[in-house]
Amino acid sequence: MLKVGLTGGIASGKSVVGEMFVGLGAHLVQADRIAHSLMKPGEPVYNEVVRHFGREILNPDGSVNRGKLAEVAFGPSGAAERASRIQELNRIVHPAVIRSQEEWMQAVGAQNPHAVAMVEAALLIEAGTAKRFDVLIVVTCNTEQRVERFAKRQKLDLAAARDEVSRRMAVQLTDEEKIKLADYVIDNCESLAKTREQVEVIWNDLKLKAAR
């Protein structure tokens, strides 16, 4: 089985690229969805997050409001304080997400020893998990495209989206830093057709690696 990490900065188009790989035959899990499931009421991660960040991050039904949690973690404050909150959130969430990813990949490999198991994660490198994968793919695009995509996704005006993207990019590695560690880089700045062409070329390589 080939373990593939798929990463990139905020709103770079990782999920779109991941869907393209799935369409070609890859198995994919999203770290964000794992984290979401781990934050359901009653889960140990949920209890720790609420204990550290307060009940003001909860919806009336007791579930975590991810927007409010992001405001607390990434919201306006001094850089040192914000970095400390983000580190605390990552300390709680990342180990559990990583364990779940490993269990998922083991299950995929048990079913098909030649499968391509792909984990999509924005903070894959920052979390120190890059070495757990056989191949690392980085998706890139320019800042203005990130802002436009984030604004559309979150239903924000461009000014608000730009502020939020800037805040989140400040705690992520730059594309240049990610690319230094990448086995493959997908430039998602142009059309979906251009992105798909890159994905198909990489997929052919991945299949060969997985078959060995």
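Please treat every number below as a calculation from the coordinates, not as lab data. Just so we're clear, the structure is a prediction, and the values are computed from it rather than from any experiment. Here the Cβ is made from the backbone with ideal geometry for all residues, glycine too, and neighbour counts use every protein chain on show.
For the chain, the share of alpha carbon pairs falling in successive 10 Å distance bins from zero is 8, 32, 36, 20, 4, 0 percent. For the stretch 166-179, 3J(HN,Hα) computed residue by residue from phi via the Karplus equation (6.51, -1.76, 1.60; θ = phi - 60°) reads 4, 4, 6, 5, 5, 9, 10, 5, 6, 4, 4, 5, 5, 4 Hz, glycine and proline entered as x.
Percent of Cα pairs in the stretch 6-86 per distance bin of 5 Å, from zero to the largest separation: 3, 13, 18, 19, 16, 15, 11, 5, 1, 0. Taking θ as phi - 60° and the Karplus parameters 6.51, -1.76 and 1.60, the scalar couplings of the stretch 20-36 work out to 5, 5, 4, x, 8, x, 6, 9, 9, 10, 9, 4, 5, 6, 4, 4, 4 Hz in sequence order, x denoting glycine and proline. Of all trypsin sites (Lys or Arg not before Pro) in the stretch 124-180, which ones are in loop regions per DSSP and have a Cβ with at most 14 other Cβ atoms within 10 Å? For trypsin sites (Lys or Arg not before Pro) across the stretch 124-180 that sit outside H, G, I, E and B with at most 14 neighbouring Cβ atoms in 10 Å, the list reads K155.
Each residue in V72, V93, V119, V17 was given a count of other beta-carbon atoms within 10 angstrom of its own, and listing them fewest first yields V72, V93, V17, V119. The alpha-carbon of K209 sits under 28 angstrom from the alpha-carbons of these lysines, leaving out residues fewer than 8 places away in its chain: K3, K14, K131, K178, K180, K194.
Can you tell which of N204, A122, N188 lies farthest toward the positive end of the dipole of the chain, using +1 and -1 charges on the Cβ of basic and acidic side chains (Lys, Arg; Asp, Glu)? Comparing the listed Cα positions along the dipole, A122 ranks first. Count Lys and Arg as plus one, Asp and Glu as minus one, and take only other residues whose Cβ is under 14 Å from that of D205; the net charge is then -1. Rounded to the nearest 5, what % of DSSP beta bridges with both residues in the stretch 2-211 are antiparallel? Of all bridge pairs located within the stretch 2-211, approximately 5 percent are antiparallel. The magnitude of the dipole of the stretch 58-212, with charges of +1 and -1 set on the Cβ of Lys/Arg and Asp/Glu and taken from the Cα centre, is near 240 debye.
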